[in-house]
Every structure is written in C-alpha cells, then in structure tokens.
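Worksheet for the structure shown next.
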Amino acid sequence: MEDNKLIEEFMGVEKENGLYLFTTPMDDYKTDTLYFDTSWDWLMPVVDKIEREHKANFRIKCTWNEFTEHSIHQVIVNIEQGEMSKDKSCIYDSKKIYDYVGDAVKCKREATYKAVVEFINQLNNQ
C-alpha cells in the first residue's frame, strides 16, 4: 500500500535483506510487510513521533449514529503556536498552524491511520 510506504519513509524504517526492521513498544519486527494500516502496535509509534516532534495534538471524536447503529470515529489533529502562560496551563495569542478533521469512519484505527497519512502528506508539501 502506497500510504504505508509514506509512513515507512517518515519513520525511517530500515531494511535488511529485503525485510523491514521495525521496533514497537511490544516487539521488534523483521517482516516483508508493513502493518501501519492494520495494527495499533505499528501505528501508535507514528502518532507518538508526530506529537513529540511536531507538537501536534491528536483527538479521537466518537459519535453514535442511531440510524446505522454504529459508532463513527473522527480524528482531529491540530498544532497551535503561541506564548505559553507562566504556569504552563495554556497558550495565549495562539494561532493554528495545522488543523485536520478527518472523515468519519467506523474504525478508530482507520480514522487515526488516515489522519497520520494526511499529516505526513501536508508535512511533505510544505
């Protein structure tokens, strides 16, 4: 999947003898397949890197749809810049420099994956 390759480049995943070498909090992987689109174990380190290095804020919004009788998940990612208050409780004079509200889908992982891909694409187009 092309989007998994995008995440692979962003994460700096190394290859050895045709296998991807990827470390998650749970395990070290040597595999010929990227699992960012199907595994929380693979996806969450990407979210952590985005939050840590780009000071982004990921929020998952969940809404019950009574017509389809499913929860609908939407991921909101934003980055704000501004002056931090002295007690570090809030940012004032802030401006949003990135704001993404993803498509509503039934699966939290899928919504998070789409938000990650969109964020990396926006980052690459700057």
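Values as computed for the structure displayed
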| item | result |
| --- | --- |
| Qualifying residue in region 104-115 (condition: of a type in the set (A, V, I, L, M, F, W, C), at pLDDT 80 or above and exposed (fewer than 14 other Cβ atoms within 10 Å of the Cβ)) | yes |
| Candidate set from region 16-32 (those that are crowded, with 17+ Cβ neighbours inside 10 Å and either within 21 Å of Arg109 (Cα to Cα) or in contact with a Gly (Cβ under 9 Å, 6 or more places away or on another chain) (or both)); member that is modelled with the lowest pLDDT | Tyr29 |
| Contacts under 6 angstrom Cβ, first residue in region 29-54 being farther than 15 Å from Lys114 by Cα, partner assigned to a helix (DSSP H, G or I), 6 or more apart | Leu34/Asn4; Leu34/Glu8 |
| Counted residues, region 2-15 - those being exposed (fewer than 12 other Cβ atoms within 10 Å of the Cβ) and touching a residue at least 24 places away in the same chain (Cβ under 8 Å) | 0 |
| Among residues of region 55-75, those that are free of Cβ contacts under 8 Å to residues at least 24 places away in the same chain and either in contact with a strand residue (DSSP E or B) (Cβ under 7 Å, 6 or more places away or on another chain) or not β-branched (Val, Ile, Thr) (or both), counted | 8 |
| Qualifying residue in region 33-55 (condition: under 20 Å from the mean Cα position of the chain (by Cα) and at pLDDT below 85) | yes |
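The values are calculated or read from the model by the stated rules, or taken from the named source; none is laboratory data. Keep in mind it's a predicted model, so treat the numbers as computed, not measured. Positions of Cβ are generated from backbone atoms using ideal geometry, with glycine treated the same way; all protein chains shown enter the neighbour counts.
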